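The values are calculated or read from the model by the stated rules, or taken from the named source; none is laboratory data. Owing to the predicted nature of the structure, the values given are computational and were not obtained by experimental measurement. Glycine also receives a Cβ, built like all others from the backbone with ideal geometry; neighbour counts cover every protein chain displayed. These accessible areas exclude ligands, DNA and RNA; they are computed on the full protein's heavy atoms, side chains included. Shrake-Rupley method; radii C 1.70, N 1.55, O 1.52, S 1.80 Å.
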Amino acid sequence: MLSKKTKYGLKALTYLASQQENTPVQISGIAQHENISQKFLESILLSLRKTGFLGSKKGKGGGYYLIKDPKEILMTDVMRVLEGPIAMVPCVSLNFYEKCDDCPDEATCSVHRLMLEVRDSALEVYRSRTLADLIS
């Protein structure tokens with residue numbers, strides 16, 4: 001299940017991507033428009049800023065803005081920042097692999113094979129979508 005953090009992060013990114021000329025938007029404006037708790041949104045936007053998706057400007061006329069073109073922001077990157085590993089179990093993760101304690105042989109594990117398919121399907125969708133796709 002998609003976490004609220006990821007859902008709200010996607011909503012905030014989509015809102016920022018729809019703004020004219022990357023004008024900085026205050027957190028309160030995003031929170032009100034997207035019906036998100038401002039306090040929760042602050043931590044999400046901070047994560048997105050630290051990982052290079054957003055910039056911020058302080059003072060009058062300040063706020064958050066995209067620093068990349070929405071066409072360059074892949075959903076795989078956003079999902080990994082907000083949600084963590086895309087794989088549902090660690091034994092099929094590309095970036096966070098761990099052997100399962102309860103599995104003696106991944107090659108014969110039915111769960112492993114199924115989760116490989118799930119991971120690959122999710123990756124296919126995320127890799128073929130950008131932030132621009134969400135606002136069009």
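In the chain, the portion of solvent-accessible area held by carbon and sulfur atoms comes to 51 percent [1.4 Å probe, whole percent, DNA, RNA and ligands not counted]. Computed from the C-beta positions of A107 and S128, the FRET efficiency with R₀ = 41 Å rounds to 0.90. Projecting each Cα onto the charge dipole of segment 1-134 (Lys/Arg +1, Asp/Glu -1 at the beta carbon, about the Cα centre), which of S28, G55, M1 comes out farthest on the positive side? Farthest towards the positive end: S28. Counting only residues at least eight positions apart within a chain, or on another chain, the aspartates and glutamates with an alpha carbon under 19 Å from that of K71 are E21, E124, D133. Residues K39, K5, K60, sorted by accessible area with the largest first, give K60, K39, K5 [1.4 Å probe; ligands and nucleic acids excluded]. Computed extension gain for K57 through L2, at 0.36 nm per residue and net of the alpha carbon distance, reaches 16.8 nm. The distance from the alpha carbon centre of segment 62-118 to that of segment 1-57 is 22 Å, rounded to a whole number. Loop-resident trypsin sites (Lys or Arg not before Pro) (DSSP state other than H, G, I, E or B) in segment 98-136 with no more than 12 further Cβ atoms inside 10 Å of their Cβ: K99.
With protein chains left intact and a 1.4 Å probe, residues in the chain average 62 Å² of accessible area per residue. Summing charges over neighbours of K5, with a neighbour being any other residue whose Cβ is under 15 Å away from its Cβ, gives +4 when K and R count +1 and D and E count -1.
Dividing the convex hull volume of the alpha carbon atoms of segment 24-106 by its residue count gives 124 Å³ per residue. For the pair L74 and L94 in one chain, pulling the backbone fully straight at 0.36 nm per residue adds 5.5 nm over the alpha carbon distance.
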